[in-house]
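**Student:** Have a look at this one before I ask anything.
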Amino acid sequence: MKDRSPTVDPTVTDPFREDMILRSIFETSSISIVIADGEGTIIHANPAFERLSGYVRSTVEGTRKWASFLLNNDLSKMKDYQGFITDTGEISSPTRLFGFLDRDGLVHDVCVTKDTMASPSRTVISFVDITEILEERKARSESDARYRSLIESTEDSVYMVDRDCRYLFVNGRALKKLNGGMERIVGRFYGDLHGPEDAEEFAAAVNTVFESGVSHRYEYTARGNEHITLRTLSPIIDEDSRAVKFVTVVSKDITELKKTEEKLKRLSLHDALTGLYNRAYFEEEMHRLDNSRMELVGIIVCDIDGLKLVNDTLGHNKGDELLMAASRAIKSSFRESDVVARVGGDEFAILLVNSPKPKVEEICMRIRAAMAEHNRKNPALPLSIAIGYAVRHDPGQDMAELYSEADNKMYKEKLYSSQNARNAIVRNLISSVESKGIADPQAVRRFQDLTVALAQAVGLPEERVKDLRLLARFHDIGNISVHNRILSKSDALTDDELAEIRKHCDIGHRIAQSAPELVHISDFILKHHEWWNGEGYPLGLKGTQIPLESRIIAVADAYDAMTRGRPHKKAMTKEDALAELKKHAGTQFDPDLVRIFAEVAGP
C-alpha cells in the first residue's frame with residue numbers, strides 16, 4: 001500500500017518533535033491553525049481547522065495549500081477590520097479579512113493572520129471565524145438605522161441629556177423647535193435654551209430619574225403659552241455598574257389631546273344642547289347629599305309645556321330653540337354654585353344647598369319672571385314652564401323622596417297650565433299661517449266660497465257647511481312646518497321634498513287636535529289628500545271611507561290651485577281646470593262631487 005503521509009524535509013527540524021508544549025497548544029486551541037511549508041502546502045492542521053473546514057486534517061496535510069480555502073483566492077476581498085489598514089491604505093498588520101470556503105460550500109468570514117516560524121520555510125496561518133461577529137454588527141447597524149429613522153420620523157421631540165442636563169443627542173423635531181443645528185445644540189445645557197422655570201422643573205425630573213433609575217413623566221405648560229407638553233424621561237443604564245448613565249426624553253405636544261379630554265369630560269357631565277349638567281351628574285350630586293349631614297337642601301323641578309307640540313308641528317329645530325330659551329330663563333335665576341341640570345327631554349331640576357323655603361320660593365318667582373320676559377320679546381314662540389319645589393330640613397330624609405315631592409307639585413301645576421300653553425302655541429301657529437303666505441285673506445275667501453257652494457249643492461246642513469268654511473281656511477295649516485323654500489319652489493319637487501310636503505296632513509291634524517276651536521275638523525284635515533281609488537295619503541283610504549268633508553275640500557282645492565296657479569305651474573282657464581277634474585274623476589276625486597262641482601263652477 002502506498003504511503004500517503006506528508007513529505008517532510010529531513011533537513012528541517014519539526015518544532016512539534018522538540019516541544020510538546022507547543023504541540024499541546026496547537027492541538028487544543030479554539031483558533032483554526034495550520035503550519036505550511038514555503039510553497040504554502042499545509043503540513044499540520046489542528047482540530048479547530050477541521051471543524052472550520054469540514055475536512056479531516058489528514059486529507060489536507062501535504063495535499064492542499066492553505067490559500068486554496070480562501071474564496072477565489074481573491075486578495076481584493078481584503079477589508080478594513082478593526083483599523084488594521086492605515087489612512088493611506090497601507091497594510092499595517094498581516095491580519096486580513098477573507099471569505100473561507102468550507103467542504104459544504106458555506107462561506108465564513110475569517111480573519112487571517114500569517115506569521116513566519118523560527119524554522120526555515122515554515123509559516124503559521126491562523127483563521128479566526130468572525131462570521132457571527134460581522135452578522136451581529138450588521139444587524140446592530142440595521143437596527144440603529146431603523147431606530148434612527150423612527151426617531152427622526154416621529155412628530156415628537158426626542159433628545160438625550162446627562163445628569164447636568166447637557167444635550168448629548170437631539171432629533172430633527174427638537175432641533176426645529178430649538179431653532180438650531182446639531183452643532184449648535186449638542187453640548188449646550190438645557191437651561192441655556194429654556195426659561196428658568198422650565199429649566200428648574202426639568203432638572204428636578206432628570207434628577208428623579210438618576211436617583212430612582214425608573215422612568216418619570218410630567219406635564220409642562222409654559223407661562224403665557226396655551227401649549228401643553230408631556231415629557232417622558234427614561235434612564236439609560238450602564239451594563240457594568242448598573243447605574244444611570246444618561247436620560248432620554250420624549251417630549252409630546254398634547255394640547256389638542258387635553259382639549260379633547262376636557263371636551264369629553266364636559267360631555268360626560270353636561271347636556272350637549274343646553275350646556276347644563278346632565279341627569280348622571282345630578283343623580284351623583286343627590287347621592288352625595290344623601291351621605292352628608294347637610295340639613296337645608298332644596299330641589300326645584302321644572303317642565304316645559306307644549307314642547308312635543310312644537311317638535312311635531314314646527315320641527316325639532318324650533319323645539320331646541322324652546323329648550324334653549326327655557327335653560328337660559330332657568331339658569332339666570334341661580335347662583336354658579338347651584339346644580340342646574342337637564343334631567344329629561346323637557347324637564348329640568350335644580351339642587352339648592354343651604355336654601356330655606358322662602359329663598360326657594362323667591363327663586364321660583366324669578367324663573368316665572370324670566371319666562372314672562374322671554375314671552376314679551378318672543379311672542380311667536382311662547383315659553384310655559386311648570387314649576388314644583390321641596391325643601392329638606394332633616395338630613396335623614398332621602399333625596400329621592402325630596403325629588404318625588406317636588407315632581408308631584410310640578411305635575412299638579414302642569415295640569416292647570418299645559419292646556420293654556422298649548423292654546424298659546426296653537427294661536428301663534430294659526431296667526432302665522434297668513435304671515436307665512438300659506439293662506440292670504442283674499443285667496444282664503446275665494447276658496448271658502450267655492451267650498452261652501454259645493455257643500456250647499458250637495459245638500460249639507462248649515463252646521464256642516466260652517467265646519468267646511470273653517471276647514472277651507474285651515475286644511476293646510478300643517479304647511480307651517482314645511483320650509484318656505486319648498487312651498488315657493490318654481491321647479492318640480494324632488495322625492496324628498498314631496499315627502500316633506502306630505503307630512504303636512506299629519507302635522508295639521510296634531511295642531512287641530514290641540515286647538516279647541518279646530519279639534520272637531522282635525523279628522524278632515526288629516527284625510528283631505530286621500531284619493532277615491534285609495535292611492536292618496538297618509539292612510540290610503542278609498543271611496544266613502546274618506547269623510548265627505550275631506551272629499552269636498554279635495555275637489556275645491558284642486559280646482560282653486562289650477563285656476564290660481566302655483567309657483568311651479570301657471571294658472572289654467574276654468575274650462576281646462578274642469579276638464580282636468582273630470583279626467584281624474586273616479587281615480588283621485590269622487591266622481592259625483594266632480595259632476596256637481598262642474599255644474600256649480602261652470603258658466
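**Student:** Taking a ≥ b ≥ c as the square roots of the Cα gyration tensor eigenvalues, with a/c under 1.5 meaning rounded and otherwise prolate when a/b beats b/c, else oblate, which class fits segment 469-603?
**Tutor:** oblate
**Student:** Dipole of segment 450-603 (Lys/Arg Cβ +1, Asp/Glu Cβ -1, origin at the Cα centre): which of 561, 525, 591 lies farthest to the positive side?
**Tutor:** Going by the Cα projections, it comes out as 561.
**Student:** Listed here are the pairs 357/412; 318/466; 466/569; 359/409; which of them are more than 22 Å apart at the Cα?
**Tutor:** Correct reply: 318/466; 466/569.
**Student:** May I pose another question? Only one of the values [x] 60, 24, 20; [y] 45, 31, 23; [z] 100, 41, 21 was calculated from this structure for semi-axes √(5λ) of the Cα gyration tensor in Å; name its label.
**Tutor:** [z]
**Student:** Quick one: with all protein chains in place, what share of the accessible area of the chain is carbon or sulfur, to the nearest percent (1.4 Å probe)?
**Tutor:** Looking at the chain in its full context, I get 51 percent from C and S.
**Student:** While we're on this one: Using the heavy atoms of the protein chains alone and a 1.4 angstrom probe, what is the accessible area of segment 528-603 per residue in square angstrom?
**Tutor:** Here the residues of segment 528-603 average 51 Å² of exposed surface.
**Student:** How high is the relative contact order of the chain, in percent, counting Cα pairs under 8 Å that sit 6 or more residues apart?
**Tutor:** Once normalised by length, the contact order is 7 percent.
**Student:** Sticking with this structure for a sec: In Å², and per residue, what accessible area does segment 160-205 have when probed at 1.4 Å with the other protein chains present?
**Tutor:** So segment 160-205 comes to 54 Å² accessible per residue, rounded to a whole number.
**Student:** Shifting gears a bit: Treating only the Cβ of Lys, Arg, Asp and Glu as charged (+1, +1, -1, -1), what charge dipole size does the chain show about its Cα centre? Round to the nearest 20 debye.
**Tutor:** Charge dipole, the chain, about its Cα centre: 1960 debye, nearest 20.
**Student:** If you take the beta carbon distance between residue 116 and residue 166 as r and set R0 to 60 Å, what does 1/(1 + (r/R0)^6) give as a FRET efficiency, to the nearest 0.05?
**Tutor:** 0.70
**Student:** What percentages make up the Cα-Cα pair-distance distribution of segment 234-345 when the bins are 5 Å wide from 0?
**Tutor:** Per 5 Å bin, starting at 0, the Cα pair percentages come out as 2, 9, 13, 14, 12, 10, 8, 6, 5, 4, 5, 4, 3, 2, 1, 0, 0.
**Student:** Sorted by accessible area with a 1.4 angstrom probe, largest first, how do 267, 351 fall?
**Tutor:** Descending accessible area places them as 267, 351.
**Student:** State, in angstrom, two size descriptors of segment 548-603 derived from its alpha carbons: Rg to one decimal place and Dmax to the nearest whole number.
**Tutor:** Computed over the Cα atoms of segment 548-603, radius of gyration and Dmax are 10.6, 30 Å.
**Student:** Return an integer: the convex hull volume of the alpha-carbon atoms of segment 338-407, in Å³ per residue.
**Tutor:** Output value, Cα hull per residue: 89 Å³.
**Student:** Between residue 245 and residue 493, 0.36 nm times their residue separation minus their Cα-Cα distance comes to what?
**Tutor:** 81.6 nm
The values are calculated or read from the model by the stated rules, or taken from the named source; none is laboratory data. Only a predicted model underlies this, so the values are computations on that prediction, with no experimental measurement involved. With ideal geometry, Cβ positions are generated from the backbone for all residues, glycine too; neighbour counts draw on all protein chains shown. For accessibility, only protein heavy atoms count, side chains too; no ligands or nucleic acids. Shrake-Rupley method; radii C 1.70, N 1.55, O 1.52, S 1.80 Å.
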